[in-house]
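Remarks on the structure that follows.
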Amino acid sequence: MMKGCIMKIPAMIAFALISAACARDALSPPAPGWNTLSGAAPMIIAHRGASGYRPEHTLEAYALAIEQGADVIEPDLVVTKDGVLIARHDRYLSTTTNVADRPEFASRKRIDPDPNGQGREDWWAEDFTLAELKTLRARQSVPGRSQAYDDLYEIPTLEDILALIEIKAAETGRRIGVYPETKSPGYFERIGLSFDAPLLAALDGFGAGPVFIQSFEPRILKRLHGRTPHKLVQLVYEENPGAGSNIPLANIATYADGVGPNKDMLIDIGLKDTGFLRQAHSLGLFVHSWTFRNDVDNSIVQYFRDTYDIVGDEDLQFDDPTKPEAEYQLFYLLGVDGVFTDFPDTAVKVRDAMDR
């Protein structure tokens, strides 16, 4: 299969890269089985729903993700003025809704009330009641993506999302999970709007699939540890390139079940395995990495062409190693336990083609 394909690559992941970049069928795995913590196929997590196709965090984006085969739906959560959990990636509303076009809300625009914020001037979720927010309509926030669905869909509550998942699970006969992220829980707690009670109450009785609760802030996860049967996931990042996790993995293992790193923390710019995934697995932590996108040139695999030489027979059809399918395959082969993706259909297609 690899005849005529010569590559200068780090030995640690040479097999994966050869498979991703040189095979006639870029989706054919070199060996059966998975390198995940459990040995099961990696989980497909719909990042803000099928947000590559519909405005993020809308019931329509979540429904499309389920139709495309996503295993889990990810709603980011913020809190309204009257204490209701709604799905928005950020507390500010201007980039994902039509709030700026609503003259009755013009006076609500103000500098970020969070003292730890960046001084942004915007409209803030905590200044609006649920009834007011329900009058807004969602918009596509990523440049270059279709705006055909702008101003059509409302902002859903967590309860709306859970109800949708239950209905779709019954219709499809599949288990479909939910993966809420608590956004800025420390700030909301300081202004008297805690996540804990409404989050646990909403999830109580949810049975459509697994539940994962994630946050960048360890304090809320430590509070929830022992209070909920659901999996807890610590989101992490590198404060400086190559510095490793901002929170030591050994510490995370004392209160969480999994870890959510930026994908660049798993494979570096030189296409070398950083060892992060193996270390997490050795501590019993599953790894769900973010964010995979078809249309944003942020793939670690994009550096392949500039870094390595590929020489092959003239009649050998090389797949473009910078395309999304090659990136998914590379991370699946590495052993990632799940991926957050804006395009669940692509992630599912690659996984299904590799599944033995």
Name every residue in region 190-199 that is farther than 22 Å from residue 47 by Cβ and touching a helix residue (DSSP H, G or I) at 6+ places or on another chain (Cβ under 8 Å), in order of residue number. 191, 193, 194, 196, 198
May I ask you to list the residues in region 200-233 that are open to solvent by 30 Å² or more (accessible area, probe 1.4 Å) and touching a helix residue (DSSP H, G or I) at 6+ places or on another chain (Cβ under 6 Å)? 217
Give me the residue from region 50-69 that is in contact with a Leu (Cβ under 9 Å, 6 or more places away or on another chain) and either modelled with pLDDT under 95 or in a helix (DSSP H, G or I) (or both) and, out of that set, farthest from residue 152 (Cα to Cα). 66
Inspect region 303-324 for any residue being crowded, with 16+ Cβ neighbours inside 10 Å, closer than 16 Å to residue 43 by Cβ and modelled with pLDDT of 75 or more and give the result as yes or no. no
Scanning region 167-199 for residues that are in a helix (DSSP H, G or I) and open to solvent by less than 10 Å² (accessible area, probe 1.4 Å), the one nearest to residue 80 (Cα to Cα) turns out to be 188
Here is a list of conditions, (1) modelled with pLDDT of 95 or more; (2) touching a Ser or Thr at 6+ places or on another chain (Cβ under 8 Å); (3) among the charged types (D, E, K, R), and residue 293 meets all of them except one; can you say which number that is? (1)
Among the residues of region 143-154, is there at least one that is modelled with pLDDT under 95 and not charged (D, E, K, R)? yes
Can you name the residue in region 107-116 that is part of a loop (DSSP other than H, G, I, E, B) and open to solvent by 90 Å² or more (accessible area, probe 1.4 Å) and is also nearest to residue 76 (Cα to Cα) among such residues? 116
For region 90-106, enumerate the residues that are surrounded by fewer than 20 Cβ atoms within 10 Å (Cβ to Cβ) and under 21 Å from the mean Cα position of the chain (by Cα). 90, 95
May I ask you to say which residue of 184, 245, 215, 282 is polar (S, T, N, Q) and over 22 Å from the mean Cα position of the chain (by Cα)? 282
So if I check each of 215, 194, 245, which one is of a type in the set (S, T, N, Q) and touching a Lys or Arg at 6+ places or on another chain (Cβ under 9 Å)? 215
Report, by residue number, each residue of region 333-349 that is assigned to a helix (DSSP H, G or I) and surrounded by fewer than 24 Cβ atoms within 10 Å (Cβ to Cβ). 333, 334, 345, 346, 348, 349
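Kindly establish whether residue 112 is under 15 Å from residue 183 (Cβ atoms) and without any contact (Cβ under 8 Å) to a residue 24 or more places away in the chain.
In short, yes.
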Of all residues in region 42-85, how many are among the β-branched types (Val, Ile, Thr), within 24 Å of residue 123 (Cβ to Cβ) and surrounded by 24 or more Cβ atoms within 10 Å (Cβ to Cβ)? 3
Taking region 117-166 and keeping only residues that are among the acidic types (Asp, Glu) and open to solvent by 10 Å² or more (accessible area, probe 1.4 Å), one is left with 121, 126, 127, 132, 150, 151, 154, 159, 160, 166
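The values are calculated or read from the model by the stated rules, or taken from the named source; none is laboratory data. Treat the numbers as computed from the prediction; the structure is a model and nothing was measured. Note that we place each Cβ from the backbone using ideal geometry, even for glycine, and neighbour counts take in every protein chain shown. Accessible surface areas use protein heavy atoms only, side chains included; no ligands, DNA or RNA. Shrake-Rupley method; radii C 1.70, N 1.55, O 1.52, S 1.80 Å.
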